[in-house]
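Chemist: Here it is, the structure in full.
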Amino acid sequence: MRVFISDLDGTLVHVPVNWLEVRRALSNALGFEVTSIFEALRNVRARNEELYRRLSRLIEDYEVNAMRNLEEIKGSKELLRRLKSMGVRIAIVTLQSEKSLKMALDVSGLTPYVDVYVTRDEELNRAKQIKIALRKLGAEVGRDLIVFMGDRQTDLEAGRSLGIPTIIVNSITFTPLDAINVIAENLRLHGDQT
């Protein structure tokens with residue numbers, strides 16, 4: 001099996017959430033200054049699932065409101081279209097909520113290309129998200145050909161920790177479509193039309 005796993009925001013699309021406002025709202029809700037949104041969520045979730053859900057919904061409101069200004073990162077749809085046409089299974093892992101993810105996929109037109117997804121509603125740890133996506137696809141590291149693409153150092157660390165070839169993109173110098181040859185090489189798609 002050939003599997004392509006990708007982060008969403010900052011990798012395939014740009015959702016212009018005002019994260020400074022989100023941090024302020026979380027700080028107000030928690031009664032202390034939040035410096036890392038997802039670290040705060042991880043800590044809260046470990047102690048109080050109901051509070052975690054309330055905070056996640058608060059963040060979701062900001063995400064959903066930003067969807068009207070969502071932008072596809074150049075080449076994202078074409079990349080997924082090409083991979084899908086070559087029989088590659090596609091998974092999305094994201095720290096957005098499921099509702100936000102579904103909206104982003106619909107608005108960007110990426111929905112038809114995605115086989116499975118994992119959101120923060122299931123897991124907040126990126127490496128664990130990747131493992132869940134692989135399980136949903138019935139894929140295994142070492143047996144199947146897998147590539148992960150993200151846009152942050154933490155994505156690189158997660159992919160490498162699992163022994164998965166990992167590509168880091170950004171919307172300016174190395175776009176998703178620019179990565180097609182690296183992805184094709186790692187998924188052994190040579191000879192297929194890329």
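Chemist: Which of [x] 17.1; [y] 18.7; [z] 17.8 is the computed Kirkwood radius over Cα pairs in Å for the structure on display?
Modeler: The value computed from this structure is option [x].
Chemist: I would also like to ask the following. What 222 nm value per residue comes from the helices of the chain, counting each DSSP H run with n ≥ 4 as -39,500 (n - 2.57) and dividing by all residues, nearest 500 deg cm²/dmol?
Modeler: Values: 8 runs with 90 residues, N = 194.
Computed ellipticity for the chain at 222 nm equals -14000 deg cm²/dmol.
Chemist: Next question. For ASN181 and GLU122 in the same chain, what is the full-extension length gain: residue separation times 0.36 nm, less their Cα-Cα distance, in nm? Write down the numbers at each step before the final one.
Modeler: Numbers: separation 59, 0.36 × 59 = 21.24 nm, distance 3.16 nm.
Length gained between ASN181 and GLU122: 18.1 nm.
Chemist: Another question about this same structure. What's the carbon and sulfur percent of region 45-153's accessible surface, probe 1.4 angstrom, rounded to a whole number?
Modeler: Working: 2310 of 5240 Å².
Exposed carbon and sulfur together represent 44 percent of the surface.
Chemist: Also: Tell me, what is the FRET efficiency for ARG81 and ASN18 to the nearest 0.05, using R0 = 22 angstrom and their Cβ-Cβ distance as r?
Modeler: Working: r = 31 Å, r/R0 = 1.42.
The calculated FRET efficiency here is 0.10.
Chemist: Classify region 1-95: rounded, prolate or oblate, from the alpha-carbon gyration tensor (a ≥ b ≥ c, eigenvalue square roots; a/c under 1.5 rounded; otherwise prolate if a/b is larger than b/c)?
Modeler: Details: a/c = 3.36, a/b = 1.93, b/c = 1.74.
The shape class here is prolate.
Chemist: Related question: Relative to the first principal axis of the alpha-carbon coordinates of the chain, what is the inclination of helix 19-30, with its axis defined by its Cα atoms, in degrees from 0 to 90 and to the nearest 10?
Modeler: 40 degrees
Chemist: A further question on this structure: For region 142-150, what does the Karplus curve 6.51 cos²θ - 1.76 cosθ + 1.60, with θ = phi - 60°, yield as ³J(HN,Hα) per residue in whole Hz, taken in order and with x for Gly and Pro?
Modeler: With coefficients 6.51, -1.76 and 1.60, one gets x, 9, 9, 8, 9, 10, 10, 10, x Hz.
Chemist: Return one number: the angle in degrees, 0 to 90 and rounded to the nearest 10, between the long axis of the Cα atoms of helix 126-137 and the longest principal axis of the Cα atoms of the chain.
Modeler: Approximately 50 degrees, to the nearest 10.
Chemist: Sum up the charges of everything whose Cβ sits under 12 Å from the Cβ of LEU70, counting Lys and Arg as +1 and Asp and Glu as -1, but leave LEU70 out.
Modeler: Numbers: positive: ARG68; negative: ASP9, GLU63, GLU71, GLU72, ASP106.
Around LEU70, the surrounding residues sum to -4.
Chemist: Expressed as a rounded percentage, what relative contact order does the chain have, with Cα pairs under 8 Å and six or more residues apart?
Modeler: On the way: 300 pairs, mean separation 55.2, N = 194.
Value for the chain: 28 percent.
Chemist: Which entries in the list LYS74/LYS131; LYS77/LYS99; LYS74/LYS136 go over 23 Å, if you measure between the two C-alpha atoms of each? Working shown, then result.
Modeler: On the way: LYS74/LYS131 28 Å; LYS77/LYS99 20 Å; LYS74/LYS136 28 Å.
Listed pairs above 23 Å: LYS74/LYS131; LYS74/LYS136.
Chemist: Ok, one more. Along the charge dipole of region 1-142, which of ALA104, VAL88, GLY10 sits closest to the positive end, that is, farthest toward it, with unit charges on the beta carbon of Lys, Arg, Asp and Glu (+1, +1, -1, -1)?
Modeler: VAL88
Chemist: Considering only DSSP beta bridges where both residues belong to region 61-194, give the percentage that are antiparallel (nearest 5). Don't skip to the end; give the middle numbers.
Modeler: On the way: 1 of 8 bridges.
In region 61-194, approximately 10 percent of DSSP beta bridges are antiparallel ones.
The values are calculated or read from the model by the stated rules, or taken from the named source; none is laboratory data. Computed from a predicted structure; not experimentally measured. Glycine gets a Cβ as well: all are built from the backbone with ideal geometry, and neighbour counts include every protein chain shown. To get the accessible areas, we keep the full protein, side chains included, count just its heavy atoms, and leave off ligands, DNA and RNA. Shrake-Rupley method; radii C 1.70, N 1.55, O 1.52, S 1.80 Å.
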